[in-house]
Amino acid sequence: MLKNNDFSDVTLGRRTIRVYNEDVKIPREEMLEMIQKATRAPSSLNLQPWRFVVVDSVEGKAKLRPLVRWNTRQNDTSSAMILIFGDLQCYEYGEEIYDKAVEEGKMSKQERDEQLAEIIPQYKSFNKEKMKKAVRLDSNLAAMQFMLIARSHGYDTNPIGGFEYDQLAEAFDLDKERYVPVLILSVGKAAETVEETVRLDAERFTTFK
Ligand SMILES: Cc1cc2nc3c(=O)[nH]c(=O)nc-3n(C[C@H](O)[C@H](O)[C@H](O)COP(=O)(O)O)c2cc1C
């Protein structure tokens, strides 16, 4: 399903696309494959706090529509809207992640025990604001990676920050105290071509010391 392996084209050719071919549906199997690849992104202590809700049904899109403010075209035409949340209790997955590393021979049992004994109490001690910052940071890295993976599969995306933050989790049956919304990505087959947007020169915002 990999359609484009040209690194420059995938990364530098990415544009925000807001109108998609409505006839193109991304199969759920391919969606999972893309999410799997996106989550090769790094995360703090490898705790992988990103959570994805793929809204690809008519009912789901109808529920999402009033929550995406001026971004309804992307909702109406995309193959899917991917809601990315950060899990404030991601440390609950710590054992599962580190056990898998042991099973796959990537870590010794002793390393697993030592690292978990340090990591889990540390994460649990974070206050909510610190946790939010940590899980958002990691989840945004996965979001960026998803946008590039989607390009390599022949699709385009729009990162969407314009949505009702306080309503998103509950509308999709998630505990809003636990799951913080990070970003929505629309994804699908582009039905528009857009100009490259400008960037300032690197010299304008880079210092060397
Ligand atoms: C965090 C974030 C939030 C954004 N929110 C929206 C949005 O709500 N609606 C929209 O149409 N584009 C949104 N964008 C897309 C930006 O407008 C776009 O990335 C920028 O203009 C640069 O264009 P490019 O992505 O084609 O390089 C968002 C981008 C980011 C990174």
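Computed from the coordinates by the stated procedures, all read-outs in this text should not be read as laboratory data. Note that the coordinates shown come from a computational prediction; the quantities given were computed from them, not determined experimentally. Using ideal geometry, Cβ is built from the backbone for each residue, glycine included, and neighbour counts are taken over all protein chains shown.
For residue 133 and residue 99, FRET efficiency with R0 = 45 Å and r from the beta-carbon atoms, rounded to 0.05? Walk me through the intermediate numbers first.
Details: r = 27 Å, r/R0 = 0.60.
So, using R0 = 45 Å, E works out to roughly 0.95.
Scan around residue 80 for amide H atoms under 5 Å from its own, H built in the peptide plane at 1.01 Å from N, and keep only partners 5 or more places away or cross-chain.
Correct list: 187.
Based on Cβ point charges of +1 for Lys and Arg and -1 for Asp and Glu, what charge dipole magnitude is obtained for the chain about its Cα centre, in debye rounded to the nearest 20? If you can, show how the numbers build up before the last one.
Details: 31 positive and 35 negative charges, 116 e Å.
So the magnitude is around 560 debye.
Provide the gained length on full extension for the span residue 206 to residue 8, in nm with one decimal, where the gain is 0.36 nm per separating residue minus the Cα-Cα distance. Intermediate values should be presented prior to the final figure.
On the way: separation 198, 0.36 × 198 = 71.28 nm, distance 2.23 nm.
Stretched fully, the residue 206-residue 8 segment lengthens by 69.1 nm.
Distances over 22 Å make up what percent of all Cα-Cα pairs in the chain? Don't skip to the end; give the middle numbers.
Details: 12064 of 21736 pairs.
Result for the distance tail: 56 percent.
Report the semi-axes of the equivalent ellipsoid for segment 70-193 in whole Å, largest first, where each axis is √(5λ) for an eigenvalue λ of the Cα gyration tensor. Present the calculation step by step, with values, prior to reporting the outcome.
Details: eigenvalues 212, 77, 22 Å².
Semi-axes (√(5λ), whole Å): 33, 20, 10.
If you filter segment 52-151 for GluC sites (Glu not before Pro), then keep DSSP loop positions with at most 14 other Cβ within 10 Å, what is left?
Values: sites: 59, 92, 95, 96, 103, 104, 111, 114, 118, 129; in loops: 104.
When the GluC sites (Glu not before Pro) of segment 52-151 are filtered for loop state and at most 14 Cβ neighbours within 10 Å, 104 remain.
For segment 52-111, give the magnitude of the charge dipole about the Cα centre (Cβ charges: +1 Lys/Arg, -1 Asp/Glu; no others), in debye to the nearest 20. Intermediate results must be reported in sequence, preceding the final value.
Working: 8 positive and 11 negative charges, 121 e Å.
In total the dipole reaches around 580 debye.
Normalised by the number of residues in the chain, what is the relative contact order in percent for Cα pairs under 8 Å and 6+ residues apart? Walk me through the numbers before you get to the answer.
Working: 309 pairs, mean separation 77.8, N = 209.
Reported as a whole number, the value is 37 percent.
Using each residue's phi in segment 195-209, evaluate 6.51 cos²θ - 1.76 cosθ + 1.60 at θ = phi - 60° and report the 3J(HN,Hα) Karplus result to the nearest Hz, with x for Gly and Pro.
5, 5, 7, 7, 9, 5, 5, 3, 4, 5, 9, 10, 10, 10, 10
Just flag the chymotrypsin sites (Phe, Trp or Tyr not before Pro) in segment 2-95 sitting in loop per DSSP whose Cβ has no more than 13 other Cβ atoms within 10 Å. Could the numbers behind the result be given before it?
Working: sites: 7, 20, 50, 52, 70, 85, 91, 93; in loops: 70.
Filter output for segment 2-95: 70.
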